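The values are calculated or read from the model by the stated rules, or taken from the named source; none is laboratory data. Note that the structure is predicted; figures quoted are calculated from it, not measured. In this analysis, Cβ positions are derived from the backbone assuming ideal geometry, glycine residues included, and neighbour counts consider all displayed protein chains.
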Amino acid sequence: MRLTAIILAAQAALCATAIQASAEEVAVGQAGKMFNPDTLQIKAGDSVKFTNDDKVAHAVLVEGPVVTNVGQIKIGEAKSVSFSQAGTYEVKCAIHPKMKLTITVQ
């Protein structure tokens, strides 16, 4: 019985490692007070790296099945957000309301 529990725990750990290994990081730029690209399709478990290549700071907010306040991203900085739950997410800049990005997580 104990051996079975150990084997099952090892299999679960291997599956979790395989899932993490297949996750990707997708780049999204911020320039000209726009997200580039402005639409994105990713898989659950992937992350998005927001890089501020603009001449001004941005404050990124992700709204959807999970809400994430990424916070301020200063000029030349980057921050990453992981998306573990499928759904549609709207990404906005709290400073520049015309900046919008739609992320579909499958």
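Observations on the structure shown:
- Enumeration of residues in the stretch 90-106 that are of a type in the set (A, V, I, L, M, F, W, C), surrounded by 14 or more Cβ atoms within 10 Å (Cβ to Cβ) and under 15 Å from residue 35 (Cα atoms): 91, 93, 94, 99, 101, 103
- Of the residues making up the stretch 22-32, those that are part of a loop (DSSP other than H, G, I, E, B) and more than 14 Å from residue 58 (Cβ to Cβ) number 2.
- Within the stretch 33-57, the only residue that satisfies the criterion of being in a strand (DSSP E or B) and in contact with a His (Cβ under 7 Å, 6 or more places away or on another chain) is 52.
- Any chance residue 23 is at pLDDT below 95 and in contact with a Gly (Cβ under 9 Å, 6 or more places away or on another chain): yes
- For the stretch 17-42, the set of residues classified as among the charged types (D, E, K, R) and either surrounded by 14 or more Cβ atoms within 10 Å (Cβ to Cβ) or free of Cβ contacts under 8 Å to residues at least 40 places away in the same chain (or both) consists of 24, 33, listed by residue number.
- Screening residue 77 against (1) among the charged types (D, E, K, R); (2) over 13 Å from residue 106 (Cα atoms); (3) within 15 Å of the chain's Cα centre (by Cα) leaves a single unmet condition, (3).
- Summed over the stretch 64-89, residues that are assigned to a strand (DSSP E or B) and surrounded by 13 or more Cβ atoms within 10 Å (Cβ to Cβ) total 11.
- Candidates 46, 54 - the one that is charged (D, E, K, R) and over 26 Å from residue 22 (Cα atoms): 54
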